[in-house]
1. What single numbered condition from (1) part of a helix (DSSP H, G or I); (2) at pLDDT below 95; (3) crowded, with 18+ Cβ neighbours inside 10 Å; (4) of a type in the set (A, V, I, L, M) fails to hold for B:Leu153?
2. Exactly one of these conditions fails for B:Val234: (1) among the hydrophobic types (A, V, I, L, M, F, W, C); (2) within 12 Å of chain A (Cβ to nearest Cβ); (3) in a helix (DSSP H, G or I); (4) free of Cβ contacts under 8 Å to residues at least 40 places away in the same chain. Give me its number.
3. What pairs can you find where one residue is in segment B:170-181 and under 15 Å from B:Tyr197 (Cβ atoms), the other is small (Gly, Ala, Ser) and at pLDDT 90 or above, and their Cβ atoms are less than 8 Å apart, with a gap of 6+ or different chains?
4. From B:Ala98, B:Ala108, grab the single residue that is at pLDDT 90 or above, aliphatic (A, V, I, L, M) and either out of contact with any Gly (no Cβ under 7 Å at 6 or more places or on another chain) or surrounded by fewer than 17 Cβ atoms within 10 Å (Cβ to Cβ) (or both).
5. Examine segment A:220-241 for a residue that is among the hydrophobic types (A, V, I, L, M, F, W, C), under 30 Å from A:Val52 (Cα atoms) and within 12 Å of another protein chain (Cβ to nearest Cβ), and state whether such a residue exists.
6. Could you run through segment B:260-275 and say how many residues are touching an Asp or Glu at 6+ places or on another chain (Cβ under 7 Å) and either in a helix (DSSP H, G or I) or of a type outside the set (D, E, K, R) (or both)?
7. So which of A:Thr187, A:Thr168 ends up being more than 19 Å from A:Gly132 (Cα to Cα) and polar (S, T, N, Q)?
8. Within segment A:197-219, which residues are out of contact with any Ser or Thr (no Cβ under 6 Å at 6 or more places or on another chain) and either under 24 Å from A:Asn147 (Cβ atoms) or within 7 Å of chain B (Cβ to nearest Cβ) (or both)?
Amino acid sequence: MYKNFFRYLISAIFLLGFSVNSNADFKVGFVYVGPTGDHGWTFQHHEGRNAVEAAGIKTTFVESVPEGADAERVIRQLAQSGHDLIFTTSFGYMDPTNKVAKDFPNVKFEHATGYKREHSNVSTYSARFYEGRTILGHIAGKMTKTNTIGYIASFPIPEVIRGINAMTLAAQKVNPNIKTKIVWVFTWYDPGKEAEAAQALIDQGADVIMQHTDSTAPVQTAEKAGVWSFGQASDMQRFAPKSILTSIIDDWAPYYVERAIAARDGTWNQQDTWHGLKEGMVAMGPYNSAMGADLVKEVEQLQKDLASGKVHSFTGPIYDQKGNILVAEGKVADDGMLAGMSVYVKGVEGDIPK
Amino acid sequence: MSLDISFIGILIGSIMASSVPLILAASGELITERSGVLNLGVEGMMIIGAISGFALMVITDNLFIAIVGSMLSGVIISLIFGFLTQSLLTNHVATGLALTIFGIGLSAMLGKNFVGIPGKEFPILFSSLRESIPFFGPILFGHSIVLYFAFALPFLTNYFLKKTKLGLVVRAVGDSPVSASNQGINVILVRYCCILYGGAMCGLAGAYLSLIYTPQWIENMTAGRGWIALALVVFATWSPIKVLIGALIFGGITILQLHMQAIGFRIPVQFLSALPYLMTIIVLVVISRDSRKIKLNTPTSLGRIFYKEK
């Protein structure tokens, strides 16, 4: 009996050795901040993962991973268990990703929406969501009757501030009397709190609600109250068919497939990707016919111009809240300035929480 | 901001709506604790109620079945707690904590297929009166039946504990199970009933979130409200009316701080976010200073294991 046992053991060790050496089991890991069914941010990353899987590459994912110490444990676990490429899909995974990358030089890391690439095996990627915000701002400026736009913000990071600014600038262009009211909820994902924030903004006179959080609660609240809203990260239309004017849709699939194949074939390089409407990483959901045919035509043209580069979301002159010039007349903001944006533009009320 | 009277009415209406889960869960837990049982599983029972209610709504398309089912699921999961603590005499604190962890995990597993399904609109009562009467309209009318029940509950609980014989039995069991047992009261049975009642109310509180307040299922959607309910019971010194006051203050400041942000008050947002917790504790400590009354209301044998020698 023992003889047999050792025989099995030895063959098992051989098999193990083979599986480690062969490159057939190239694996990609994904770390998500929310559940895959949030119908927002994480849902879209998961769609990207499905595309990678469809391209014939093995993948695994871990969902609802809190930003912070837990994230490092999960990323390390993925790296240790033989994943060759790991996508970490939330801003708060920035430091944990770089920390783990240092200890696993042979594993490739891709961090979404961050800016730290401390090791040669870390790439960063993000989408120019602000281009979508420009379209939302244009629509909001035209649709509001109370001249008040309500904005549910998550955390005071450049990504969120950039969205608030892009939206406000576009809304001001079509409606100089516009006011942007902002409520910070300090969470990406708490439906109860997001709904309360939306309701507070509506009670304060906002008749267009915009969110930079991930659940569908704000659009549902807007639908109930009979005000306009916009979907975030994915097409949320079926949660609020009357209220949603359009959605900003993140499409990560082409990028994920391209990078996974590059890593498998050994052509992966460190890079910093920032794609927008042009490349299709940012897309717009269907426009609500309640906007009227003229406005739909207008924003479809705006969408084309943003994609072709004819129009830029941050075209000067742009002033900060105190009236200092940020971008001179005739110039556009460069990517460095956009990436580090930490002040409100003129017309936004309140202070950025520190 | 328009500080007119009808606006304040709308504000009070939304404050009431946000305090409902706290009132329900805390009132249920209060009865459990008055019988001498400390159940820290409120969060777990709430989240189980939330997923059961939502799942039943999707499967049966019947909101009545969903609401009753959520209460039943609270009863079933609290039965586990009851069996462990009352029949197997395990430690209340440890078992309650385990129940919360178990509930959160189980609900996430059960809810896998229910994420991302839009909820159904829950019927509201007297919606025409809400629009037509300024100020009082949005306060008194246009709410779901669960809200009216939640606001009646603390008064019913108060009446039950103070004026009925059964209430006296519950209090006796909580204060001195040995004497109660000597009087011929079945202590274990009474405690079982109180635990199951607490479970039913927590289940309903969870269903309020997933069916009425934000009609959808999302993992961990109770987001710590169970713990707040637990704290409310203690800070309200086991008085049902003070639980109601505490829940309203907590809900009120949560909503008000969002409004203050929208208005643009120049107060650090982080401080505003902490304000509901701070103010609720301060107010409840101030209104329950009377140590004689605290002694009267505190269940003396809270959390202690009771067994009858045979």
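1. With respect to (1) part of a helix (DSSP H, G or I); (2) at pLDDT below 95; (3) crowded, with 18+ Cβ neighbours inside 10 Å; (4) of a type in the set (A, V, I, L, M), B:Leu153 is out only on (2).
2. Exception for B:Val234: condition (2).
3. Correct list of pairs: B:Val170/B:Ser35; B:Val173/B:Ser35; B:Val173/B:Gly36; B:Val173/B:Ala180; B:Gly174/B:Ser35; B:Gly174/B:Gly36.
4. Numbers: B:Ala108 fails: at pLDDT 90 or above.
Only one candidate qualifies: B:Ala98.
5. yes
6. The qualifying residues number 1.
7. On the way: A:Thr168 fails: more than 19 Å from A:Gly132 (Cα to Cα).
Just a single option satisfies the conditions, and that option is A:Thr187.
8. First, the residues of segment A:197-219 that are out of contact with any Ser or Thr (no Cβ under 6 Å at 6 or more places or on another chain): A:197, A:200-204, A:210-211, A:214-216, A:218.
Across segment A:197-219, the qualifying residues are A:Ala197, A:Ala200, A:Leu201, A:Ile202, A:Asp203, A:Gln204, A:Met210, A:Gln211, A:Ser215, A:Thr216, A:Pro218.
The values are calculated or read from the model by the stated rules, or taken from the named source; none is laboratory data. Owing to the predicted nature of the structure, the values given are computational and were not obtained by experimental measurement. Quick reminder, even Gly has a Cβ in these numbers, built from the backbone with ideal geometry, and neighbours come from all protein chains shown.
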